[in-house]
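Reading through the structure tokens given below for one structure.
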Amino acid sequence: MDRRNVMTIGAAAAVLAMAGTFSAPAIAQQKLVLKATDVHPLGYPTVEAVVRMGKKLEAATNGRLSIQMYPSMQLGGEKEMIEQAQIGALAFARISVGPMGPIVPELNVFNLPFMFRDTAHMEKVIDGPIGDEMLKKLSDHPKANLIGICWMNAGTRNVYNSKHPVRTLADLKGLKIRMMGNPVFVDSMNALGGNGVAMGFDQLINAMQTGVVDGAENNYPSYASGQHYRYAKHFSQTEHLMIPEILVFSKKTWESLSAEDRALITKLGKEAQKEQRQLWYDAEKAAIKQMQDNGVQIVKIADKKPFQEAVKPVWDKYGKDHAGLIKRIQDVK
Ligand code: GTR
């Protein structure tokens, strides 16, 4: 080996050494601001849980990773949020399982009316092996392009309208009720006797104002924080749906993260699931107070049996391919 070659090798080694010393940590130090979005405003339990998660992420990585929250549908409705996460235009989207059903068929089981017996049942399912399995189904789905991070509570959904109190199925007749964009919901409302109209959450206020719909259905915090009582004062405790929400992450962005960063986000997601739950219970109480303060008539449904009977065809149509999963959910005691 002549002297020139030795020097070349020496210089190359020096460059490699420098790369090892400076460049790699410099890359690792690169700041990454993860965009997150939600249809709800700041302070709403799902938004607050993700904001808190962002603070923890920032602290754990000395500011290298952080979350920037775009609340209140700033980046569009849920459909747009999902699409943006899929292409990597944003990292986190907190969405209802409602619009995810058409993407991951198994998730539609959570969208069946009267699927869960009560809140405790729903929580046990999402906190347990079925919950983990469903998150994995979403993450592994070849076309979803999303990673399921964690679950969040969203209470029960209840019908509200501007015309009259709904106490029985007969009262739903002729009412145009906005439902989330997924055929299972329109079919459910039609089976209950109303007229289901699918549209995004972002179009709802306008549709109620202009009479395109007579009302909608949702949980207490969504109804109260969106001030839907200004357009639809008759709120009935139909509790026909109990749909958990899901925090998803863009698969594209996920694949660019290190294993450590993924593990950290997964861990903080589990913590967010717990924290959001307490925030949720508090928000439900506050929402009911706000509704009462604004003269909302909260109508009790004396007999829910006819409602449950009426949606049987929806179960036959959407549940038939998932009998095993439905049975496992029902067996969770
Ligand atoms: C809310 C839910 C939103 C959205 C909305 C809707 O309860 O938090 O994610 O699904 O309902 O009705 O579209």
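The values are calculated or read from the model by the stated rules, or taken from the named source; none is laboratory data. Bear in mind that the values here come from a model prediction, so they are computed numbers and not experimental data. Cβ atoms come from the backbone with ideal geometry, glycine included; neighbour counts cover every protein chain shown. Side chains are part of the model used for accessible areas, which takes the heavy atoms of the whole protein and leaves out ligands, DNA and RNA. Shrake-Rupley method; radii C 1.70, N 1.55, O 1.52, S 1.80 Å.
Per DSSP H run of n ≥ 4, the term is -39500 (n - 2.57); total these for the chain, divide by its residue number, and report the mean residue ellipticity at 222 nm rounded to 500 deg cm²/dmol. Kindly include the intermediate steps, with their values, before the conclusion.
Working: 15 runs with 155 residues, N = 333.
Calculated at 222 nm, the ellipticity per residue is -14000 deg cm²/dmol.
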Each residue of the range 167-180 in order: what ³J(HN,Hα) in whole Hz does its phi give by Karplus 6.51 cos²θ - 1.76 cosθ + 1.60, θ = phi - 60°, with x for Gly and Pro? 10, 9, 4, 4, 5, 7, 3, x, 7, 8, 10, 5, 10, 5
List the residues whose amide H sits under 5 Å from the amide H of Leu146, counting only those 5 or more places along or on another chain, with H placed 1.01 Å from N in the peptide plane. Lys251
Using the Cα centre of the chain as the reference point, and only Cβ charges (+1 on K/R, -1 on D/E), how large is the resulting charge dipole? Debye, rounded to the nearest 20. 80
Which entries in Lys173/Lys320; Lys35/Lys79; Lys137/Lys251; Lys124/Lys274; Lys143/Lys251; Lys56/Lys143 show an alpha-carbon gap greater than 22 Å? Lys173/Lys320; Lys56/Lys143
Distance-filtered residues of the range 309-333 - backbone nitrogen under 18 Å, label point 7 angstrom along Asp140 Cα→Cβ: 322-326, 328-329
Report the label-to-label distance for Arg262 and Gln209 in nanometres (one decimal), using points 7 Å from each Cα along the Cα→Cβ vector. 4.5
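Using only the alpha carbons of the range 168-265, what is the convex hull's orientation-averaged projected area in square nanometres?
8.2
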Unit charges at the beta carbon, dipole of the range 83-167: most positive-side option, Phe116, Thr156, Gly101: Thr156
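Taking 0.36 nm per residue of separation and subtracting the Cα-Cα distance, what length does fully extending Asp316 through Lys274 add? All intermediate terms of the calculation are to be shown ahead of the outcome.
Details: separation 42, 0.36 × 42 = 15.12 nm, distance 3.37 nm.
Computed gain between Asp316 and Lys274 is 11.7 nm.
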Could the peptides 250-260, 209-219 be put in order, highest first, of the mean number of other beta-carbon atoms found within 10 Å of their residues? 209-219, 250-260
What's the carbon and sulfur percent of the chain's accessible surface, probe 1.4 angstrom, rounded to a whole number? 56
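How big is D, in µm² s⁻¹, for the chain by Stokes-Einstein at 20 °C and 1.002 mPa s if Rh is the Kirkwood radius over C-alpha pairs?
It diffuses with D of about 100 µm²/s by this estimate.
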Under the rule of at least 5 residues apart or a separate chain, name every residue whose amide H is placed under 5 Å from the amide H of Val299. Phe235, Ser236, Gln237
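How large is the accessible surface per residue of the chain, computed with a 1.4 Å probe and reported in Å² as a whole number?
Values: 15320 Å² over 333 residues.
Accessible area per residue, the chain: 46 Å².
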